[in-house]
Structures are given as structure tokens and as C-alpha cells.
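*Asks:* One structure, as C-alpha cells, below. Some questions next.
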Amino acid sequence: MKSRLFYVVSPIAAAVLAWSLHYVAATADARASAASTRSGEAQAAPERGPIPVIEASDWTWMILPSGAVRVLCKGSVVLESSHVYWGPKWAWTNPSQVEYRPTSGGGATLSARIEKLKTDLAAVYRPLAPNVLEMEYRLKSAEAMPEAIGGGLQWSTKLKSTVLGGAAPPAKILPGATGWTWEPAPGFPIALKVAPSAAKVYAENGVRVFFMSDRVEPGEKTYRMTLTLPEGATRTPTPAERYAPATPETWFPGAVAWDASPVDLRFLNADDRPAGRRGFIKADGDRLVRGDGSPVRFWGGNIAAYTLFETPPELAKAQAKRMAQLGYNLMRIHHHDSPWVSPNVFGTKPKTTRRLDPVSLEKIDWWIKCLKDEGIYVWMDLHVGRAFLDDDGLTEGQSEVNAAKRLAAGFSYYNTDVQRLMREFQKQYLDHVNPHTGLAYKDDPAVAAVLITNENDLGNHFGHMFLPNQKRPYHNALFTRDSQAFAAEHGLSADKVGQTWVPGPSKIYLNAVEHRFNELFLGDVRRGGFRGLIATTNYWGDSPLWNLPSLSDGDVIDVHSYGKAEALDADPRYEANFIPWIGAAQLAGKPLTVTEWNVPYPAEDRFTAPLYVAAASALQGWDAPMIYNYSQEVLPRPKKPSTWSTYADPALTGMMPAAALLYRKGHVAPAAKSYHLALSPEQLYGRRLSPETSATIRTLVEQSRLTIGLPETRELPWLKPAPAPEGAIVLDDPDRDMIPEGQSFVKSDTGQVTRDWKRGVQVIDSPKSQAASGWIGGEAVATADASFAIETRKAVVALTSVDDEPLAKSRFILITAMARATADPKKRAAYVSEPVVGTVVLRTEATDLELLALAADGRIAARSRPEPVDGGLRIKLPVAGGTHWYVLKSRAPSP
């Protein structure tokens, strides 16, 4: 559950609420640690790992369109600036009306308005040398604001960066507020000098340089900052500079129809129509199977919030059909209980959350029926964002729960009253009989899985909530009694067990608490008669692997992982993009589901993500990737792009048919080799082990199958680790670089998937799917049966067999060509999408293939004959009458 752009009576308030909740969780350990330090509690000093050999030329810098300055070492970000300003009472004020203009020689100008401070900002960036950047900031304030906090630049130092050994020293503040110095790696100093002196310079998540502090005075101030990087550093182009200038007024408007699919893949669901007809989904070792034992793979999405409750019935039915056409066979029902959604499952402005609203249930019932009819299974969350109301009868620690926005997160593990209300809800929900199917949710085999509680863990996010300095005396007393009893029972230090922000015994204890909760809730669901899969909560939000033991209580391990732009450029030796964060949760002997993944709008290259996820999932054998979201909006025609609704986004939804075929039909083969990372208790509980800190995880997950082995843990007798998979190579070193020295690409051991991070290019080369993705413009990309000569600088071009024959023999091939998509400046549609220009040559034995250009609704927009070449066909993109999807199809029926 990420922060969302919400559409409610007060959309801004709802968005702020959700963002704040996510922020509170995501920064919990850091803030608890800082608070504990201020209270005088001992902190474990981080141990610095090995630093790779760093050359002077490894240092680069760039100026982003936001005006931020980014410094990289070996391609990994180690320092980045951002604008930070606050009005009175810490009211955050983002710079608005931002205008950024690059200038010759690598400089730039920036202008912006800081509204709550009544201040205009004008900045000039001038490179003085390859490693020196001068920044002149002029701030003009219209009036005095004596209560304002002020602000300036945040310089975030990435002390935990792997390229810096995982524990770089902090920056040093220069006297007189004149700047700071930092030596992130021995012999490579960085310095920022400010003239005249800034209003304030202090350490906070790096260093903050304030130009205004504690008040704003009318008038104009100018500051000159000089950033000096290590000798040999050079400027590198930003991703924005590498793209051709965007001309959205000439791009395709509305290429993806919000109510239709350009391709019809409903045949993929033929054996499961209606969903569940072959029995309940269950776990069989580390794979999912139907009730009859046949294996199943799910390519899924989420429908959430207003999509659930405000979509007209006839439109829900049509959208379920469209989902199947796009290749989906699983949808998660999410944010059914969240208070920012109105109506939600409790109705509109309910007085209690102990009663389910019949009208809202009817909406969910109808969605389930429509999805089931299309062969689409359902994943149901039992608890997401429920906010307890006064009439709910919550008495234990009520004031403390109310002060935490009335949410269950964290409290649910200690507060038996919170547990009582959650258990009551899940019974009501699962016992509800759907009149359209005649089955209670618990008895419907179309309900593939349920999740007990969403994004709710103690190990990394909410374990700090009950420390003495958190001012929750009722829950602190529960926590203290429980943690001390655990320490006494197992002969551990009570102090260390209670230090939940520190690796070590506290993480063992928190797993025990989560297991106790899981036993209670899993037992209720099973005794209630549900026979499908159960997940406890999620591996999410940069969690270390110490969260995994209690997650193993469920039938599956579920993951949330979100990517950013330029994921294909990430060097796995030093940096984890969002793919290793999925692979890190693949426990031996357990299926892996991913109820949330996305590289959300406005990331320009999000079009590379669907095939990337599909290929990695097929290689690793992950069982159910689900994009967040198909939609969380009311579903009439969208008017503008959305961060968290993808159903009309050409860059994401437009790639789904190719990705679904690749994954569900197994076009990318499973890895030939298997590795098993067997962890010791000290490795699992005693250090912050994650893809961020583990080279083994980062460098293996795109090469060979990776499973994680949990250790037997004396204090957790219920933890029954699975053995290493048969034939797996067992590793015990989480810090091993598994990529050959000097190599700048990672390649699957099957040879079918290659990602070159220096070029930012991924190539898929299997008999039935072949694709070129990333910075392919001007590159010559060749696969076994095709060659790609693309002019568009960044794009994806994929050839996908629809008839399940190898491409060289296939008589039905989908061609997908996708690039950037952004808001339509003419407001004809929510999105316009960039044409992909170039040539594809396919070597094929078929001699009668016709080229069909597909319209947004799947109709044939134009027919043509591809140009014959020696042993194949040449296709020039874009084809007249088409946009992003084409079909090569035999004019004669298949023999």
C-alpha cells in the first residue's frame, strides 16, 4: 500500500493522510533509533564493509529538472540535494511554478515560487570545472513572516550505499554556517562552501543548508554555493537529456482505450472459466496448484477503493472482460475498509465499523461474480486501513489508538481488544454469502487467497511504537511485560530484547510476537472453513530479511516492491532496483506472491517494467505478480494520468498482453541452476541484511534461481526451516558478488534474458518471445530470430508468439512497440503516447503472413504485406494506421 493520489470529497486531505501514514511506517526504525539516541540509550555502531576499488573517473554528477544536484559513484547515487521549505508550524511548502532550463556548457537556470513563504526563487548553475559546480540562489521575499520555519537545501548523504562500504562517515559542518565537507570514500573528498554564510547549517539526514531560518524577512538575498567533487569527476547527462525532445502534440492520443483491449487473450483463461471450477488454489511446495493438482501461474492486478464501490454494474462486467482480454487471471480486492474511501465496506459516514454495509457488499459481490465468469480469481484482503470509531466498543488503550489515527497497525500485535474487532470483521466478511454465486466468500474456490493484515509488521515498521519515548504508557506496559517475559524464558538480556530498533535479540522476539498473532488469526480463518491460500502480512518497505520467519506462517510469502525510473541501469554489484527486493523473500519451500508492484507514473520509462517483471518472474518461478493498481478510481473515461490507476496508461497496460503471454505461457524458461542462501542466526537477526546490503541477492536474482534458507532458532521452536531445494548450490555468504569481474551485464543461466546496465538495455531471446527494451535507439540488437534497428531513443519492441509456436514457425505473432506516455496537452484523452520508429526484421519459415495494425479496441485498423527479405520479413514502424500493436498472422488456417 503506497501513498496514493486519492479522489474523494477532499482529495488533497486524503492524499496527505495516506502519504503521512506510509511515511510514518517507512521511517519508523530511523526515528525510533534517533529518539533512543537522544534519550541516551546505547546504539550499535555500524560496521563498514569492504569498499570497492574506486577510480577518479567513477565520480559523476548531474542537475535534475527539479533543480536537484545528484552525485554518483560507479553509477550509484551517493549524494543528492532537494528543496526543503516550511511555513509556520512546520507547514510543508513545495516549490511550485518550477521552470528549469538547461544552458550551454552543462549549466542551468531555475525559477520557482515558495508560496507559504511568499518567496520567489531564482537559481543559476554554472560548471566552473569538470568537478566544480557553482550555484547562485537568489530569494526574494514579499513580506515578513516571523513564525516561519524557513528552509533551503537538503543534502542527503547516502551513508549506507554499498559502493561506500555500507557505513560511510557523516559529513562535517564547517564553522560559521559556511558549508560542509564529506569524505565518503578514503581519498575522495567532497565540499560545499556557502557565501555569504547561510542562515543555518546543521546535520539532518545528511546536511541542511537553510537560507531562511526561524523567520522570513522581506527583501532579497543571494547565496553562492560551490560544490567541489573529487578530482576527475565529470558531468553526465541526465535521463531527460538522453531522450529526444518530447513533442506530445504529435503523439498518439488515447492509444489505449479505457473500455477495450487492443488484444484479446481470453483464451488463456479458458480452462478456468469460471474461476475455481477445478477446486481451491493451494500450495504444493514452492508452487501453486489448482484443486485438481494442475500447476497455475497468476498474472494479476488490484482493484481498489472507488473502483470497488462506485463502478456501475454493467461497467464492472465489461471491465472484467477487458481484464481477461489483457491477460489477467487474478485481481486483488484492496482498500475495501480504508476511511479515505467513501463509501467503503462499512457504508457512507458509518457510526461503527462492526457492521458491514449491504449496499457496499453487493458491489463486491458483483465484482467477484464478473471476475469469476471471466476466469479471473480473486485475492481478498481482510484488513487494510480500517479506522476504529467511537461506537466500536474499543476500550483497551483507546486513547492511544485514537491518537494514532485510530488504525490497528502495530497495536494489533498486543492489544486484545483490537484483535477482537479484527477477528470479528474477518468472520463476518468471509461468512458473507454472495447472492450471485450462492457461496460464502470462504466457500468460493474463486477466492484464491486472503491476506490477514496489509503492511503491518513489527520487525521493521511498527516495532518502535511501544518504546518508553513513544508516550503510549498502556501499550508500553504490555510490551515491557511481554518482552521481559520472553527474555527471561530464553535467557536473553531484557534490555537487548526491548531495543527494537537494534538488530539482535529484539528481532527474534518480534518474530515471536508476530507468530503468536498469526496463530490466532490463521486458526480462526481455517476453523471458519476457508480452504484457499492465506498470507499473514507482506515483505515490504525496505524490510531486512529478519522479517521473514513469521511470514513463513502463511501458505505463501507476499511481497510489495516499487521501482523507479532507470531500473535497467542499476548496477547490481552496488545497487538494488525493485527486482531483487522481490527475490529476497523467496523462502525455500514456499510460493511467492507479489500483491503490489509498479514503476508508477510519471516515471518516463515505466514501459520497460512489465516485461522486466514477467521475465524475472518466469526465470525465478514466482507465482503471482500483481500490478498496483489496475484501478482505484471511478471507472468512466479517465481525464488525466494517474499514479495509482494503470488501466488507461499505454506505457503499462499497453505492455500487459506481451508480458502476460511471456509469463503465463512460460516463454522464458525457468533458471537452469538453483542457489540457496543458507543464513545463520547471526546473519539473519544480527545485521540489517537485505538486497540493499547483500551482493549475493542482488547479483544472483537475474541469473539463477535463488531461495533463502532460514536457520533453526532456539528461541523460535515453531520455525521449521525448509531444506535447500534438490540440486541447489548452497551458499552461506550473503556478500558474494556472483557476476564475473569486469562484466557489465547480468545474464540468465538459460541465456534467454540479458540486462546490460551500462547501456541500460534488456534483451529477451527465447524461442517464443524476443524483445529489445531500454536505451535501444541507434543500437543494433539481434536475437535468434529477429533484429531490431530502432530510432526512438528509449523504447520496448517485443515479438510474442500467440499460437505458442516458436517465432520462426509461428503463424500468429503479436508485435508490441511502446515508448513514453504522458498527459495529452490538448486534453483529447488522458494520455498521449510516443510513436516508436524503427525497423524489425523477423526470420520466419511462414510465407503468407499478413501485417495487421490494431486499433485501441482491437479492431483491424489497416492491413499490409510486410517487405520480404532474405529468409524473413522487414517491418517498418510505425505502420500506417497503427499505433503500438500489430499482428503478423497467416492468411490461411493453421494445419
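The values are calculated or read from the model by the stated rules, or taken from the named source; none is laboratory data. This one's a predicted model, so the numbers in the text were calculated from it and none came from an experiment. Note that each Cβ is placed from the backbone with ideal geometry, even for glycine, and that neighbours are counted across all protein chains shown. Protein only, heavy atoms only, side chains kept; ligands, DNA and RNA dropped before computing areas. Shrake-Rupley method; radii C 1.70, N 1.55, O 1.52, S 1.80 Å.
*Asks:* With all protein chains present, calculate the accessible area of HIS83 using a 1.4 Å probe and round the result to the nearest 10 Å².
*Replies:* Roughly 30 Å² of HIS83 is accessible to a 1.4 Å probe.
*Asks:* Can you compute the FRET efficiency between GLU115 and LYS405 using 1/(1 + (r/R0)^6), with r the Cβ-Cβ distance and R0 = 22 Å? Round to the nearest 0.05.
*Replies:* Values: r = 27 Å, r/R0 = 1.22.
Efficiency, from the Cβ-Cβ distance: 0.25.
*Asks:* So, with +1 on the Cβ of K and R and -1 on the Cβ of D and E, and no other charges, what is the size of the charge dipole of the chain about its Cα centre, to the nearest 20 debye? Mind showing how you got there, number by number?
*Replies:* On the way: 99 positive and 97 negative charges, 283 e Å.
Roughly 1360 debye for the chain.
*Asks:* Right, next: Note down the net charge around GLU136, summing +1 for each Lys or Arg and -1 for each Asp or Glu among other residues with Cβ under 9 Å from its Cβ.
*Replies:* So the surrounding residues net to +2.
*Asks:* Continuing with this model, one more query. So if each residue of separation counts as 0.36 nm, and I subtract the Cα-Cα distance between ASP391 and GLU99, what length gain in nm does that give? Don't jump to the answer; show the numbers that get you there.
*Replies:* Values: separation 292, 0.36 × 292 = 105.12 nm, distance 5.04 nm.
Value of the extension gain: 100.1 nm.
*Asks:* Right, next: Would you mind working out the accessible area per residue for the stretch 416-520, using a 1.4 Å probe, and quoting it in Å²? Walk me through the intermediate numbers first.
*Replies:* Numbers: 3660 Å² over 105 residues.
With all protein chains present, the stretch 416-520 gives 35 Å² per residue.
*Asks:* Also: Over the Cα atoms, compute the radius of gyration (one decimal) and Dmax (the largest Cα-Cα distance, rounded to a whole number) for the chain, in Å.
*Replies:* 27.5, 83
*Asks:* Quick one: if you stick a label point 7 Å off each Cα along the C-beta vector at ARG891 and ALA91, how many nm between them?
*Replies:* Calculated label separation equals 7.0 nm.
*Asks:* Picking from HIS676, ILE582, ALA618, whose Cα lies most toward the positive end of the charge dipole for the stretch 577-700 (charges on Cβ: Lys, Arg +1; Asp, Glu -1)?
*Replies:* Final value for the positive-end residue is ALA618.
*Asks:* Charges on Cβ only, +1 for Lys and Arg, -1 for Asp and Glu, centred on the Cα centroid of the stretch 59-242; of VAL216, SER161, ILE114, which one is farthest towards the dipole's positive end?
*Replies:* Going by the charge dipole, the pick is SER161.
*Asks:* Note the full-extension length gain between ARG242 and ASN469 as 0.36 nm times their separation in residues minus their Cα-Cα distance, in nm to one decimal.
*Replies:* Working: separation 227, 0.36 × 227 = 81.72 nm, distance 4.88 nm.
Computed gain between ARG242 and ASN469 is 76.8 nm.
*Asks:* With each label point set 7 Å from Cα along the Cα-Cβ vector, what nm distance links GLU424 and LYS193?
*Replies:* 6.8
*Asks:* Same structure, new question: Relative contact order for the stretch 760-895: what percent, with Cα pairs under 8 Å and sequence separation of 6 or more? Walk me through the numbers on the way to the answer.
*Replies:* Numbers: 340 pairs, mean separation 28.0, N = 136.
That works out to 21 percent.
*Asks:* Can you list residues from other chains, or at least 5 along the same chain, whose modelled amide H is less than 5 Å from the amide H of ARG355?
*Replies:* HN-HN under 5 Å from ARG355: empty list.
*Asks:* First compute the accessible area of the chain with a 1.4 Å probe, then give the percent of it belonging to carbon and sulfur atoms. Before the final figure, lay out each step's value.
*Replies:* On the way: 17600 of 32940 Å².
C and S atoms contribute 53 percent here.
*Asks:* Which whole-number value in Å² is the accessible area per residue of the stretch 750-890, probe 1.4 Å? Could the numbers behind the result be given before it?
*Replies:* Numbers: 5150 Å² over 141 residues.
Here the per-residue accessible area is 37 Å².
*Asks:* Find the relative contact order for the stretch 59-242 and round it to a whole percent, using C-alpha pairs within less than 8 Å whose residues are 6+ positions apart.
*Replies:* On the way: 480 pairs, mean separation 43.1, N = 184.
23 percent.
*Asks:* Then there's this: Quick one: grab Rg to one decimal and Dmax as a whole number for the stretch 695-807, Cα atoms only, in Å.
*Replies:* 18.9, 60
*Asks:* In addition: Please compute the contact order of the stretch 434-527 in relative form: average sequence separation of alpha-carbon pairs under 8 Å and at least six residues apart, divided by the residue count, as a percent.
*Replies:* That works out to 21 percent.
*Asks:* Order the peptides 644-651, 64-71 from the highest to the lowest mean number of other Cβ atoms within 10 Å of their residues. Could the numbers behind the result be given before it?
*Replies:* Values: 644-651: 27.0, 64-71: 19.0.
My ranking of the peptides, most packed first, is 644-651, 64-71.
*Asks:* Rounded, prolate or oblate: which fits the stretch 195-284, taking a ≥ b ≥ c as square roots of the Cα gyration tensor eigenvalues, rounded meaning a/c under 1.5, else prolate when a/b beats b/c? Mind showing how you got there, number by number?
*Replies:* Working: a/c = 2.94, a/b = 2.26, b/c = 1.30.
Note, shape of the stretch 195-284 comes out prolate.
*Asks:* Taking a label point 7 Å from the Cα of VAL359 along the Cα→Cβ vector, which residues of the stretch 404-444 have an amide N closer than 19 Å to it?
*Replies:* In the stretch 404-444, the label zone of VAL359 (backbone N under 19 Å from the point 7 Å along Cα→Cβ) covers 435.
*Asks:* Please state, as a whole number in µm²/s, the translational diffusion coefficient that the Stokes-Einstein equation yields for the stretch 59-242 at 20 °C and 1.002 mPa s, with Rh defined as the Kirkwood radius across alpha carbon pairs.
*Replies:* For the chosen part, D equals 128 µm²/s.
*Asks:* Using a Förster radius of 22 Å, what is the FRET efficiency between LEU520 and SER680 based on their Cβ-Cβ separation? Nearest 0.05, please.
*Replies:* Working: r = 30 Å, r/R0 = 1.36.
Here the calculated transfer efficiency is 0.15.
*Asks:* If R₀ is 60 angstrom, what is the calculated FRET efficiency for the pair TYR202 and THR847, using the beta carbon separation as r and rounding to 0.05? It would help to have the intermediate numbers written out before the result.
*Replies:* Details: r = 73 Å, r/R0 = 1.22.
For TYR202 and THR847, the calculated efficiency is 0.25.
*Asks:* Just grab the label-to-label distance for LEU128 and LYS639, each label 7 Å out from Cα along the Cβ direction, in nm (one decimal).
*Replies:* Taking the two extended label points, one gets 5.0 nm.
*Asks:* Net charge near GLY438: determine it from the other residues with C-beta under 15 Å of the C-beta of GLY438, scoring Lys and Arg +1 and Asp and Glu -1.
*Replies:* Working: positive: ARG277, LYS369, LYS372, LYS442; negative: GLU362, ASP365, ASP373, ASP431, ASP443, ASP444.
Residues close to GLY438 contribute a combined charge of -2.
*Asks:* Helix-only estimate, please: 222 nm mean residue ellipticity of the chain, summing -39500 (n - 2.57) across DSSP H runs of length 4 or more and dividing by its residues, to the nearest 500. Spell out each step's value before the answer.
*Replies:* Details: 18 runs with 181 residues, N = 895.
About -6000 deg cm²/dmol.
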